[in-house]
Each structure stands twice: as structure tokens, then as C-alpha cells.
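Accompanying notes for the structure given below.
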Amino acid sequence: MKLCFLLVVMLAAAASGAIEKRIVGGGSCKKNRQYQVEIESLQKGKSCGGSLINTRWVITASHCAEQVVKVRLGVNNDASFLKKVWSFLKGKSKKLEQDITTNQQFTYKDEDERVHDIMLIKLNEDMSAKLPTINLPPAECQRPELSQQVEVGGWGAKTADVKKAKKSSSLKCASTSIFACGENDKPDGKYYSDESTTMCAFKAGVEACHGDAGSAVEYNNALHGIIVSEPVDKCANPIVMLDICFYRKWIDETMLKNP
């Protein structure tokens, strides 16, 4: 009887391990990624990630919004329970959930008016300077070279079966490596991309699942990519992302023109 019970436990553990590989990161982010933002479209219920880059602006993938969305900030904030309760009682927690209309969403368009899958979102009001943000790379930055290690994260579904999967209960993080993109590794067809805008990353067992799009790709402790993979039937590996260095000037200009 004990032997049978042990066998069942071992099989369950093995199955759990297989499922864990489907989670972007495969491990809790703990105190990392406190800049992470959750973006939920109010009309369709789609959920994505995003990143707070300063007290007023969030960056994400265009397909994560383009409609009225709810932006949740401080979702992985390392604040104590008592501090969160105190913030709620003082009304500060309301700032951490903001409904954002399309006139505060800015999608990149190139000289030929082609839309790219990257967006800046202007918040309704400034956040506290104490809320963690992610650093932008220098204005004249270069993308990570092939084989360089980058950090990814998100709340993606725990299994490849998106229709049955539930969102992860905690933010997951992982390391993966820059990899040459294949012919079909690109954003959704409604968005323009080419080899100058798009990067890919691959590591066995590290996948981007439904709900991870819009999340940051970190390199040298700075934002170097935005995940644009939006798998429907299964998780994505390689992970497709846009190169922040290509859009670096546009980020500064957009914030400057919309104070």
C-alpha cells in the first residue's frame, strides 16, 4: 500500500515538473520585476504584461490595448500587508488601478504609416517616485548579440492548452538566450516587423504563454525588449520580441510631446 502511494506521489511530481516548464520563468520572481504592470482590456477580458518606465508612463505591446484597458501597477511590489492596508485606507491604492482610454495610448507608426506592435500608455496621474521602475537603455544602445542571456517574465498560462489553462498565481521569471529568428518568428500579421525591429530568444523549457505579451525583456539591468508572442493554442518558443533600441528615440519623443 505504501509502495503504491509512493508511486502515485512520484508520478504526480513528474507531471507537475512537466507543467512547470510551460510557465514563463519556471520560478517565482520574488522581489524582482517590481516594475511589472498588468493590463486588462475591459471589452474582451484579454490580459497582458507591461512595464512602468517612469512615474507617468507604461510600455507594452500594441495588441494588448488599442481599447479601454485597466492598468494595475505595483502588482509585484515588495510592500508589507500592513502598508498595503494603510495605503488602501488613505485612498492611495486607487492610483494603482487606472482605466486608460485610447487617447492616452500611443502606438508606434513608421514613416510609411505602418503600425508596429509596441505602445506607450500615459497614466491618468503620476505615481509615487517610490514605486519601482525599469531603466531604459542609453539612447544610442545596441541590441544584445546572439547567445547573450536575457531575463523574461510574466503571468502566462501554466499549460500549453490555453483554453483550459489558468493564469499563474504569481509572477514567474526565467533566463533565456538571444537566438536567430526563423522565417515565421514575427508579431501578428497586422503589425509590421523586419529583422531590424525583431529579436528572438530560445532556451529549452522557457516559453511565452498566453498572457505574457507586453512584458519586459531585461539585459544588463535595462529594458531591451518587449515580448510580442501571443500564442493561441500553445506556448511559444522561440519567444518573439521587439528590440527597444530601434524604438528608443521614439519613446523619448512621445513622452516629450505628451507631457
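The values are calculated or read from the model by the stated rules, or taken from the named source; none is laboratory data. Just so it is clear, the model here is predicted, and its values are computed rather than measured. All Cβ positions, glycine included, derive from the backbone under ideal geometry; neighbour counts span all protein chains shown. The protein model used for the area step is the full one, side chains on, heavy atoms only, and it has no ligands, DNA or RNA in it. Shrake-Rupley method; radii C 1.70, N 1.55, O 1.52, S 1.80 Å.
Each label was represented as a point 7 Å from its Cα along the Cα-to-Cβ direction; for ASN221 and MET255 these points are 1.8 nm apart.
The 3J(HN,Hα) values that the Karplus relation (6.51, -1.76, 1.60; θ = phi - 60°) gives for segment 124-139 are, in residue order, 5, 8, 5, 8, 5, 5, 7, 6, x, 10, 9, 6, 7, x, x, 4 Hz. Gly and Pro appear as x. For segment 163-259, GluC sites (Glu not before Pro) are listed when DSSP marks them as loop and at most 14 other Cβ atoms sit within 10 Å of their Cβ; the list is GLU183, GLU195. Share of carbon and sulfur in the accessible area of segment 210-259 stands at 52%, probe radius 1.4 Å. Across segment 99-106, coupling constants 3J(HN,Hα) worked out from phi with the 6.51/-1.76/1.60 Karplus curve, θ = phi - 60°, read 8, 10, 7, 5, 6, 10, 10, 10 Hz, and Gly and Pro carry x. For ASN77, no residue has an amide H sitting under 5 Å from its own, ignoring neighbours fewer than 5 places away on the same chain, with H placed 1.01 Å from N. Cα centroid separation, segment 45-74 to segment 114-148: 12 Å.
Taking a 21 Å limit on the Cα-Cα distance, which of the listed pairs LYS95/LYS257; LYS109/LYS249; LYS70/LYS109; LYS46/LYS70; LYS122/LYS186 fall beyond it? From the list (LYS95/LYS257; LYS109/LYS249; LYS70/LYS109; LYS46/LYS70; LYS122/LYS186), the Cα-Cα distance tops 21 Å for LYS95/LYS257; LYS70/LYS109; LYS122/LYS186. A 1.4 Å probe run over the protein chains yields, for segment 170-230, 40 Å² of accessible area per residue, whole-number rounding.
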